[in-house]
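What follows is one structure encoded as structure tokens, with my remarks underneath.
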Amino acid sequence: MNTLAMVGWLVLMLAPRGWTALGLVPRLVVPGAIALIYTALMGAHFADAGGGFGSIAEVRMLFTSDPVLVAGWGHYLAFDLLIGVLLAERLDRVGVTRLLQIPVLLATLMFGPAGWLLGLITEAAARVCTRPAAEA
């Protein structure tokens, strides 16, 4: 799943966004493939894993199951990529260049919520900087 996710991130960061078919890789193909793996692992192993989501002790117990841990990792990979896609689309709309988007996308890849926050800050800054002087 790691390699698959990296393909999605590389396409998102480096490929032309105007290529609709290629854009499906990070938007649908990669998250969809990871979602299938996640669903199969959780369907086969969740009930037997023990633990749950009611406390940190239950979560810790849940993730002692390797298949559930791998599924959890897939959850992060898919959702971080989907957030990256949404951020890239938002940043494209306000005119943020790809060169300035890459640090935001890398932060999202590595540190999910912090990258999302950086993306929103970058978007807000771009909106302020591109607003006509009469509006400012």
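Structure above, values below:
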{"read-out": "Qualifying residue in segment 78-88 (condition: open to solvent by less than 10 Å² (accessible area, probe 1.4 Å), closer than 16 Å to GLU123 by Cα and not aliphatic (A, V, I, L, M))", "value": "yes"}
{"read-out": "Condition met for THR39 (among the polar types (S, T, N, Q) and modelled with pLDDT under 95)", "value": "no"}
{"read-out": "Matching residues in segment 9-24 - criterion: being at pLDDT 90 or above and open to solvent by less than 50 Å² (accessible area, probe 1.4 Å)", "value": "TRP9, VAL11, LEU12, MET13, ALA15"}
{"read-out": "Among residues of segment 15-42, those that are in contact (Cβ under 8 Å) with a residue 24 or more places away in the chain and out of contact with any Leu (no Cβ under 7 Å at 6 or more places or on another chain), counted", "value": "7"}
{"read-out": "Members of segment 82-108 found to be polar (S, T, N, Q) and within 18 Å of GLY8 (Cβ to Cβ), listed by number", "value": "GLN101, THR108"}
{"read-out": "VAL68 being touching a His at 6+ places or on another chain (Cβ under 6 Å) and either within 26 Å of ILE34 (Cβ to Cβ) or surrounded by 15 or more Cβ atoms within 10 Å (Cβ to Cβ) (or both)", "value": "yes"}
{"read-out": "Residues (touching a Gly at 6+ places or on another chain (Cβ under 9 Å) and either in contact (Cβ under 8 Å) with a residue 24 or more places away in the chain or not in a helix (DSSP H, G or I) (or both)) located in segment 43-84", "value": "PHE63, THR64, SER65, VAL68, TYR76, LEU77, ALA78, PHE79, ASP80, LEU81, ILE83, GLY84"}
{"read-out": "Test for GLY119: is it without any contact (Cβ under 8 Å) to a residue 40 or more places away in the chain, within 30 Å of PRO132 (Cβ to Cβ), small (Gly, Ala, Ser) and open to solvent by 40 Å² or more (accessible area, probe 1.4 Å)", "value": "no"}
{"read-out": "Any hit, segment 106-114, residues being aromatic (Phe, Trp, Tyr) and surrounded by 14 or more Cβ atoms within 10 Å (Cβ to Cβ)", "value": "no"}
{"read-out": "Tally of residues being over 13 Å from ILE102 (Cβ atoms) and part of a helix (DSSP H, G or I) across segment 12-32", "value": "13"}
{"read-out": "Given (1) closer than 22 Å to LEU109 by Cα; (2) open to solvent by less than 40 Å² (accessible area, probe 1.4 Å), index of the condition MET6 fails", "value": "(2)"}
{"read-out": "Matching entry among ARG27, ARG98, ARG60 (being surrounded by fewer than 17 Cβ atoms within 10 Å (Cβ to Cβ), charged (D, E, K, R) and under 28 Å from ALA126 (Cβ atoms))", "value": "ARG98"}
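The values are calculated or read from the model by the stated rules, or taken from the named source; none is laboratory data. Being a predicted model, the structure only gives us computed values, none of them experimental. Note: ideal-geometry Cβ built from the backbone for every residue, glycine included; neighbour counts use all protein chains shown. For the accessible areas, the whole protein counts, side chains as well, though only heavy atoms, and no ligand, DNA or RNA atoms are used. Shrake-Rupley method; radii C 1.70, N 1.55, O 1.52, S 1.80 Å.
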